[in-house]
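> To start, I am sharing the structure in question, which I have written as structure tokens.
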Amino acid sequence: MNSSTWLALVALDAAELPQPELVQQACDAASPDTAPLELSSQTDRMVTFQWGEATVAYTLVDQPIPVSQLDGPAARAWYWPQAADQLARQRAHLIVALVDEGHDRIAKSMRLTRFVAALLPASRAVGLQWGGSRAVHEPNAFCQVAAQMSRDDLPLHLWIDFQVEAAGENALRLFTTGMSALGKREIEFPHFVGEPQALMNHAYNLAHYILEKNANIKEGEVIGLPGEVQVTAHETMTFLGGDEQVLAFEFGTAE
């Protein structure tokens, strides 16, 4: 996603356009701290709202989201074991777009999250794909997490794909997808000995700190995490191959 346009795709089991009145009511109820949605235009394929200085719209496409676009994310969706089977039910999809020229990417992510959470119950949704990370989500789970969202408790599992994989005998590594859409470098942990959930928790806490505090981490910086854990940052190329610069973190205490 570019910095002004934020996207999500909603997979549908039938090509039906959600009623804008239902979406509007749900979104306004969940967003009392923002301007109300104002319906700008409606056709049999597209609905557009003005939302303060932002524009948000959903467009019906009479085709499924391409399988090639979903296969990888569905296979990696450890948090949703039924992802592949559920998404196979799709017959059409919605393109959801938020256009906002503001500079606060967290605010824009929160706004799109609230809109998608209002849209899902009004639609024939069987799943969705978040544009910034390409991760897929189960609709009810997405709505539950979105309902608890706040600036102090960001729903990072909705916006960022945290992937843990083996890194040699008895070791793990982790990488993220989605931090760059939020204006920060992706996070990697090249080597960790311990439980996968512990590594996931460390990465989540670190990502939340970087985003909530808008922290600009530098080479050699040491950061304390919960549990008296310290990690040292290294500015390097991703271990996934290619020329993307990431922040790789090395643990400074025994795990």
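> Within segment 127-142, how many residues turn out to be closer than 22 Å to residue 28 by Cβ and crowded, with 20+ Cβ neighbours inside 10 Å? Please lay out each step first, then the result.
From segment 127-142, those closer than 22 Å to residue 28 by Cβ are 128, 139-140, 142; that's our starting set.
Remaining after also requiring crowded, with 20+ Cβ neighbours inside 10 Å: 128, 139, 142.
Number of matching residues: 3.
> Please give the number of the condition residue 134 fails out of (1) of a type in the set (Lys, Arg); (2) in the same structural domain as residue 203 (by TED's automatic domain parsing); (3) under 10 Å from the mean Cα position of the chain (by Cα).
(2)
> Something else: Quick one: which helices (runs of 4 or more DSSP H) lie wholly within segment 103-163 and hold at least 2 residues that are hydrophobic (A, V, I, L, M, F, W, C) and in contact with a strand residue (DSSP E or B) (Cβ under 6 Å, 6 or more places away or on another chain)? Before you say what the answer is, go through the steps one by one.
Numbers: elements: 105-119, 139-147, 156-159.
Here the list reads 105-119.
> Can you tell me how many residues in segment 168-183 are hydroxyl-bearing (Ser, Thr, Tyr) and part of a helix (DSSP H, G or I)? Walk me through it before giving the result.
The initial filter retains those residues of segment 168-183 that are hydroxyl-bearing (Ser, Thr, Tyr), namely 176-177, 180.
Narrowing the set further to residues that are part of a helix (DSSP H, G or I) leaves 180.
Of the residues in that region, 1 qualify.
> Just checking, how many residues over segment 84-126 are surrounded by fewer than 22 Cβ atoms within 10 Å (Cβ to Cβ), of a type in the set (Gly, Ala, Ser), in contact with a helix residue (DSSP H, G or I) (Cβ under 8 Å, 6 or more places away or on another chain) and farther than 18 Å from residue 181 by Cβ?
Here the count works out to 2.
> Only residues that are touching a Phe, Trp or Tyr at 6+ places or on another chain (Cβ under 8 Å) and exposed (fewer than 13 other Cβ atoms within 10 Å of the Cβ): list them for segment 36-59, please.
38
> Follow-up question, since we're still on this one. Go over the candidates 22, 87, 98, 70 one by one and state the one that is under 14 Å from residue 118 (Cβ atoms), in contact with a Pro (Cβ under 9 Å, 6 or more places away or on another chain) and aliphatic (A, V, I, L, M). Reasoning before the result, please.
On the way: 87 fails: under 14 Å from residue 118 (Cβ atoms); 98 fails: in contact with a Pro (Cβ under 9 Å, 6 or more places away or on another chain); 70 fails: under 14 Å from residue 118 (Cβ atoms).
Just one listed residue meets the conditions, 22.
> In segment 26-36, what count of residues is obtained for those that are out of contact with any Leu (no Cβ under 9 Å at 6 or more places or on another chain) and either at pLDDT 95 or above or not assigned by TED's automatic domain parsing to the domain that holds residue 118 (or both)? Lay out the reasoning, then the answer.
Looking only at segment 26-36, we keep the residues that are out of contact with any Leu (no Cβ under 9 Å at 6 or more places or on another chain), and these are 29-30, 32-36.
Then keep just the ones that are either at pLDDT 95 or above or not assigned by TED's automatic domain parsing to the domain that holds residue 118 (or both); that gives none.
Selection size over segment 26-36: 0.
> For segment 1-35, how many residues are surrounded by 13 or more Cβ atoms within 10 Å (Cβ to Cβ), in contact with a Gly (Cβ under 9 Å, 6 or more places away or on another chain) and more than 23 Å from residue 133 (Cβ to Cβ)?
Of the residues in that region, 1 qualify.
> May I pose another question? Are there any pairs, at least 6 apart or on different chains, whose C-beta atoms fall under 7 Å, with the first in segment 167-190 and on the phi > 0 side of the Ramachandran plot and the second part of a strand (DSSP E or B), and if so, which?
Note: pairs meeting the criteria are 178/161.
> Can you name every residue in segment 95-125 that is acidic (Asp, Glu) and more than 11 Å from residue 6 (Cα to Cα)? Don't jump to the end; show me each part of the working.
To start, the set of residues in segment 95-125 that are acidic (Asp, Glu) comprises 100-101, 104.
Across segment 95-125, the qualifying residue is only 104.
> Being outside the structural domain of residue 94 (by TED's automatic domain parsing), in contact with a Gly (Cβ under 6 Å, 6 or more places away or on another chain) and either loosely packed, with under 15 Cβ neighbours inside 10 Å or at pLDDT 95 or above (or both) is the requirement here; does residue 178 meet it?
Values: outside the structural domain of residue 94 (by TED's automatic domain parsing): yes; in contact with a Gly (Cβ under 6 Å, 6 or more places away or on another chain): yes; either loosely packed, with under 15 Cβ neighbours inside 10 Å or at pLDDT 95 or above (or both): yes.
Taking the combined requirement at face value, the residue satisfies it.
The values are calculated or read from the model by the stated rules, or taken from the named source; none is laboratory data. All values derive from a computational prediction rather than experimental measurement. Using ideal geometry, Cβ is built from the backbone for each residue, glycine included, and neighbour counts are taken over all protein chains shown.
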